[in-house]
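As structure tokens, the structure follows; a few thoughts come after it.
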Amino acid sequence: MLELSPVMPVVVVDDVADAVPVAEALVAGGIRVIELTLRTPVALAAIEAVAAQVPEIVIGAGTVTTPDEAKQAADAGAKFFVTPGCTDRLLEALFASGLPFLPGAASVSEAMRLAEHGVTAMKFFPAEASGGVAYLKAIAGPLPGLRFCPTGGVTIKNAPEYLALSTVGCVGGTWLTPRDAVAAKDFGRITELAREAAALR
């Protein structure tokens, strides 16, 4: 998952009709993965549409916070999960799903706890609010076997700093699919932003 793209678009869809054009615009810009967040009532339908109609992109469900959401997302066609944090029940459900997942961790203790369960790839969230690049550099020594996808406050400007770290496999960003561009159906703008992001590494 971390190697599919230097940037994983974190996408919020308010209108299910926008899901496929957004995914197609990302593919046109060279991005082959999408984290579609479960933050709106149409999210599951949007995942289903992208999974069925845009096979060139790997569709994942983001903001997964409960076992039920994980099951619903998998049933809709999600190929991986991303969570903001991770409880015992959620972690058990994620493992049981058989799908790849990036559980959220924002502290050394959270990362160590996930590592005890065999998880070595995690979402670092909220990245900037939790210390950003400096924080990841600081924990690289005691936690050398872990890799992260920092998300939260990551932009086209600071993404290269994160991507330069050996412990960072990719970054997650909302800037590739701005809500105003999606609302205006300016999919050409999304393609340009995707092209710029794909060239980061």
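The values are calculated or read from the model by the stated rules, or taken from the named source; none is laboratory data. The model shown is predicted, which means the values in this text are computed figures rather than measured ones. With ideal geometry, Cβ positions are generated from the backbone for all residues, glycine too; neighbour counts draw on all protein chains shown.
Could you identify the single residue in LEU2, LEU91, LEU114 that is in a loop (DSSP other than H, G, I, E, B) and under 30 Å from ALA134 (Cα atoms)? Don't jump to the end; show me each part of the working.
On the way: LEU91 fails: in a loop (DSSP other than H, G, I, E, B); LEU114 fails: in a loop (DSSP other than H, G, I, E, B).
Matching residue, one of LEU2, LEU91, LEU114: LEU2.
Test each condition in (1) over 22 Å from ALA25 (Cα atoms); (2) touching a strand residue (DSSP E or B) at 6+ places or on another chain (Cβ under 8 Å); (3) surrounded by fewer than 21 Cβ atoms within 10 Å (Cβ to Cβ) for ALA105 and report the one that comes out false.
Every condition holds for ALA105 apart from (3).
Would you please list the contacts, defined by Cβ atoms under 8 Å and residues six or more apart or on different chains, that run from a residue in the stretch 98-114 that is charged (D, E, K, R) to a residue that is not in a strand (DSSP E or B)?
The qualifying pairs are GLU110/GLY85; GLU110/CYS86.
Any residue that is over 21 Å from ALA28 (Cα atoms), in contact with a Pro (Cβ under 7 Å, 6 or more places away or on another chain) and part of a loop (DSSP other than H, G, I, E, B) - is there at least one of those in the stretch 153-164?
yes
Being closer than 19 Å to SER5 by Cβ and among the aliphatic types (A, V, I, L, M) narrows it down to one residue among ALA127, ALA138; which is it?
Working: ALA138 fails: closer than 19 Å to SER5 by Cβ.
Selected residue: ALA127, the only one of ALA127, ALA138 that is closer than 19 Å to SER5 by Cβ and among the aliphatic types (A, V, I, L, M).
Looking at the stretch 35-53, which of its residues are over 12 Å from LYS79 (Cβ atoms) and among the aliphatic types (A, V, I, L, M)? Step through it out loud before you land on a result.
Going through the stretch 35-53, the residues over 12 Å from LYS79 (Cβ atoms) turn out to be 37-46, 48-49, 52-53.
Within the stretch 35-53, LEU38, VAL42, ALA43, LEU44, ALA45, ALA46, ALA49, ALA52 meet the criteria.
Report, by residue number, each residue of the stretch 6-19 that is crowded, with 17+ Cβ neighbours inside 10 Å and under 20 Å from ALA73 (Cβ atoms). Please lay out each step first, then the result.
Applying the first criterion (crowded, with 17+ Cβ neighbours inside 10 Å) to the stretch 6-19 yields 6-13, 16, 18-19.
Passing the criteria: MET8, PRO9, VAL10, VAL11, VAL12, VAL13, VAL16, ASP18, ALA19.
Quick test for you: out of ALA78, ALA61, ALA70, pick the one residue that is in a helix (DSSP H, G or I) and small (Gly, Ala, Ser).
Working: ALA78 fails: in a helix (DSSP H, G or I); ALA61 fails: in a helix (DSSP H, G or I).
Residue meeting the stated conditions: ALA70.
For the stretch 165-201, what are the residues that are among the β-branched types (Val, Ile, Thr), farther than 21 Å from THR120 by Cα and either assigned to a loop (DSSP other than H, G, I, E, B) or modelled with pLDDT under 95 (or both)? Quick ask: steps written out before the conclusion?
Just the residues of the stretch 165-201 that are among the β-branched types (Val, Ile, Thr), to begin with: 167-168, 171, 174, 177, 182, 190-191.
If we keep only those that are farther than 21 Å from THR120 by Cα as well, we get 174, 177, 182, 190-191.
Hits for the stretch 165-201 are THR174, THR177.
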